[in-house]
Amino acid sequence: MKIVIVGSRGIPAAYGGFETFAEEIATRLQMAGIHVTVVCQDSIENPLQYKNVNLLYSLYSKAKQPVKFYFNSLKIGIGNADLVIVCGVGGAVFYPMLKRKNTFLITHVDGREELRGKYSALKKLYVRMAQFCTAKFSDHIIADGFAVRRHWIEKFNLSENKISAIEFGAEIISGRGQLDTLNVNLEPDGYYLVVCRMVPENNLEMILEGFLKSGSRKKLALVGDTDGTYGISLKGYASAQIIFLEGIYDKPLLHSVRANCFAYIHGHSVGGTNPSLLEAMAAGNICICHDNEFNHETTESKMCYFKNIAELAEQILHIEQLNSQERNAFAGVGRKRIADYYNWERITDQYLRLFNIVTKK
């Protein structure tokens, strides 16, 4: 079987959840004896392989020309595969034009994209059209959680056999690493951490205001690029206590930032199983999460939750009153959830079972 993964920026992963998914799944499927290719966006070096996974390249950048990127990537992928996994719904409008009879098309949907505040009205219209095409023309759909799966079944009246819930994963990494390479004044257990894209649906203003309202004497560190209009507006909060670290794409350094924080604050509200939350749990962080069904599903409702500024401030004060034994119990809950459920080995097995089912139809 030849499998091609399209729709991510490519591997090795250096950006977000779909890129991590593409790298982790592609390399494991390759080791399982499946011929895997990943279509990447054009870069400076453009190697032909990564960890024995074949790499092909789109002519376009996903960030700058997403629609052209999807169209070109799909043309490349469908021409080289028995089965294509498409990351995101953005290319689904082209399925009727490009789909081949003998190529099985699986779309990995990305949470509730139509609710993303960063999208203009025109982009939201395109997303809704792409979601309709995803539901109608995909051979199978993958949701990254059961709450997202339920939404797709209800919204598009899908057969339960057409959509599977297969989550993302994470790896538990021991040790804390070194913070001094950041050249910022952060001390172990001396700061709260946020790692995310600087977009409205991640509730960053609520997090910043809630942190300030708590009166905590610790710091708040935010990791994520602030080059967009919304991100730039948030930098007005910057101070000696609120530190914007921009994007960190060095994996060991980002792990060190996670492992040394006092607690992790997760404001994501429109996604399914969010990789940032999984990685915080894998690092043994206490997680203070926005109170929604996606985050409760991921954490089994065993972490801390907030719906507004006041509730976040209360959770921060509550966590600072915990003793070391209580803090260690929180850390154990997150790590156990990763080890038992959100691990790449279990997720890879789910994909292998799915491929066996769909190829026998």
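The values are calculated or read from the model by the stated rules, or taken from the named source; none is laboratory data. For clarity, every value in this text was computed on a predicted model and none was experimentally measured. With ideal geometry, Cβ positions are generated from the backbone for all residues, glycine too; neighbour counts draw on all protein chains shown. Quick note on the areas: whole protein, heavy atoms, side chains included, nothing else; ligands and nucleic acids left out. Shrake-Rupley method; radii C 1.70, N 1.55, O 1.52, S 1.80 Å.
Looking only at the range 6-35, residues that are part of a loop (DSSP other than H, G, I, E, B) and open to solvent by less than 10 Å² (accessible area, probe 1.4 Å) come to 3 in all. Would you check if GLY88 is closer than 20 Å to THR134 by Cα, at pLDDT below 95 and either surrounded by 17 or more Cβ atoms within 10 Å (Cβ to Cβ) or under 22 Å from the mean Cα position of the chain (by Cα) (or both)? The answer is yes for GLY88. Scanning the range 277-323 for residues being open to solvent by 20 Å² or more (accessible area, probe 1.4 Å) and either touching a Pro at 6+ places or on another chain (Cβ under 6 Å) or of a type in the set (Val, Ile, Thr) (or both) gives a total of 1. For the range 36-50, check the following and say yes or no: at least one residue is crowded, with 17+ Cβ neighbours inside 10 Å, assigned to a loop (DSSP other than H, G, I, E, B) and either of a type outside the set (Ser, Thr, Tyr) or in contact (Cβ under 8 Å) with a residue 12 or more places away in the chain (or both). Yes. The single condition from (1) more than 25 Å from HIS296 (Cα to Cα); (2) buried (at least 18 other Cβ atoms within 10 Å of the Cβ); (3) more than 16 Å from the chain's Cα centre (by Cα) that LEU122 fails is (2).
In summary, VAL53 fulfils each of the numbered conditions (1) over 22 Å from the mean Cα position of the chain (by Cα); (2) open to solvent by less than 10 Å² (accessible area, probe 1.4 Å) with the single exception of condition (1). Among the residues of the range 56-71, the ones that are crowded, with 21+ Cβ neighbours inside 10 Å and either of a type outside the set (Ser, Thr, Tyr) or out of contact with any Gly (no Cβ under 7 Å at 6 or more places or on another chain) (or both) come to 3 in all.
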